[in-house]
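Colleague: The following block contains the structure, expressed as structure tokens.
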Amino acid sequence: MAITETVQALVNSQNSLLQLQDRLVNQGEVMKEESLQTFIFDLRDYADSLRVVTDLMEPTEIPTLEVEEISAVLSKQNKWLRELIDTLETLEDNHTPEAFFGLSEGEIRRLKGSLQGVVELNTLNLQDNLTFQRVFKDKGYQLSKTVAPQSQDTKPSFLKRLFGKTQ
């Protein structure tokens with residue numbers, strides 16, 4: 001997968017996770033369960049952490065996810081993040097960092113370090129998802145099909161301001 005395709009896939013899947021997280025937060029009975037609530041907020045933190053790279057592009061589509069699909073999405077994202085880290089290492093070794101959205105070598109190094117942290121969060125969420133899925137299913141919770149409106153930031157994110165990528 002090309003660099004831009006990988007980033008675009010991460011952007012789209014990140015927005016799907018954020019949409020799912022918004023739907024879960026709006027389910028009162030689900031949010032009463034402390035273990036479920038913790039996972040839902042951890043999922044939000046993880047999805048927000050993806051912004052280190054996803055702020056470089058806009059979403060092209062936001063597929064609606066169901067609770068049962070979380071593991072598959074997290075697994076795909078883990079793969080894409082690792083591919084992206086490998087690509088960044090190659091660009092760094094070849095001294096061609098500008099091939100990745102015009103970033104400098106220092107910016108590539110920092111981005112690579114940040115992405116390694118995101119991979120760790122991803123792995124932790126994959127593990128916690130097993131418990132979440134079991135409790136969600138055992139309690140018989142159903143997620144409404146209604147999609148909550150996507151929250152819009154009123155101010156550009158840190159990376160957009162840093163790299164001059166405002167909307």
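Colleague: Return yes or no: is residue 65 closer than 22 Å to residue 139 by Cα and outside any helix (DSSP H, G or I)? Before the answer, list the steps.
Modeller: Values: closer than 22 Å to residue 139 by Cα: yes; outside any helix (DSSP H, G or I): yes.
So residue 65 passes the test.
Colleague: Select from the range 34-47 the residues that are open to solvent by 40 Å² or more (accessible area, probe 1.4 Å), of a type outside the set (Ser, Thr, Tyr) and touching a residue at least 24 places away in the same chain (Cβ under 8 Å) and list them in ascending order.
Modeller: Once the filter is applied, which keeps residues that are open to solvent by 40 Å² or more (accessible area, probe 1.4 Å), of a type outside the set (Ser, Thr, Tyr) and touching a residue at least 24 places away in the same chain (Cβ under 8 Å), the range 34-47 yields 42, 44, 45.
Colleague: Give the residues of the range 18-34 that are more than 17 Å from residue 131 (Cβ to Cβ) and either in contact with a strand residue (DSSP E or B) (Cβ under 6 Å, 6 or more places away or on another chain) or among the β-branched types (Val, Ile, Thr) (or both), sorted by residue number.
Modeller: 25 - this is the single residue of the range 18-34 that is more than 17 Å from residue 131 (Cβ to Cβ) and either in contact with a strand residue (DSSP E or B) (Cβ under 6 Å, 6 or more places away or on another chain) or among the β-branched types (Val, Ile, Thr) (or both).
Colleague: Please determine, by comparing only the residues of the range 53-87 that are modelled with pLDDT under 95 and polar (S, T, N, Q), which one is most open to solvent (accessible area, probe 1.4 Å).
Modeller: 60
Colleague: Kindly indicate the residue of the range 1-30 that is buried (at least 16 other Cβ atoms within 10 Å of the Cβ) and among the hydroxyl-bearing types (Ser, Thr, Tyr) and also nearest to residue 139 (Cα to Cα) among those meeting that condition.
Modeller: Once the filter is applied, the top-ranked residue is 16.
Colleague: Test residue 127 against the stated conditions and say whether it is of a type outside the set (A, V, I, L, M, F, W, C), at pLDDT 95 or above, part of a helix (DSSP H, G or I) and open to solvent by 50 Å² or more (accessible area, probe 1.4 Å).
Modeller: yes
Colleague: Mind checking which residues of the range 74-87 are closer than 14 Å to residue 7 by Cα and either more than 13 Å from the chain's Cα centre (by Cα) or in contact (Cβ under 8 Å) with a residue 24 or more places away in the chain (or both)?
Modeller: 76, 77, 78, 80, 81, 82, 83, 84, 85, 86, 87
Colleague: Next up: Kindly check whether there is at least one residue in the range 31-45 that is part of a loop (DSSP other than H, G, I, E, B) and either under 18 Å from the mean Cα position of the chain (by Cα) or within 30 Å of residue 137 (Cα to Cα) (or both).
Modeller: Yes, there is a match, as at least one residue in the range 31-45 is part of a loop (DSSP other than H, G, I, E, B) and either under 18 Å from the mean Cα position of the chain (by Cα) or within 30 Å of residue 137 (Cα to Cα) (or both).
Colleague: Now, a different point. Just to be sure before I move on: is residue 90 modelled with pLDDT of 90 or more, polar (S, T, N, Q) and either over 19 Å from the mean Cα position of the chain (by Cα) or not in a helix (DSSP H, G or I) (or both) in the structure I sent?
Modeller: Judged against the criteria, residue 90 is a match.
The values are calculated or read from the model by the stated rules, or taken from the named source; none is laboratory data. Note that the coordinates shown come from a computational prediction; the quantities given were computed from them, not determined experimentally. With ideal geometry, Cβ positions are generated from the backbone for all residues, glycine too; neighbour counts draw on all protein chains shown. Remember, those area values only see protein heavy atoms, side chains included, never the ligands or the DNA or RNA. Shrake-Rupley method; radii C 1.70, N 1.55, O 1.52, S 1.80 Å.
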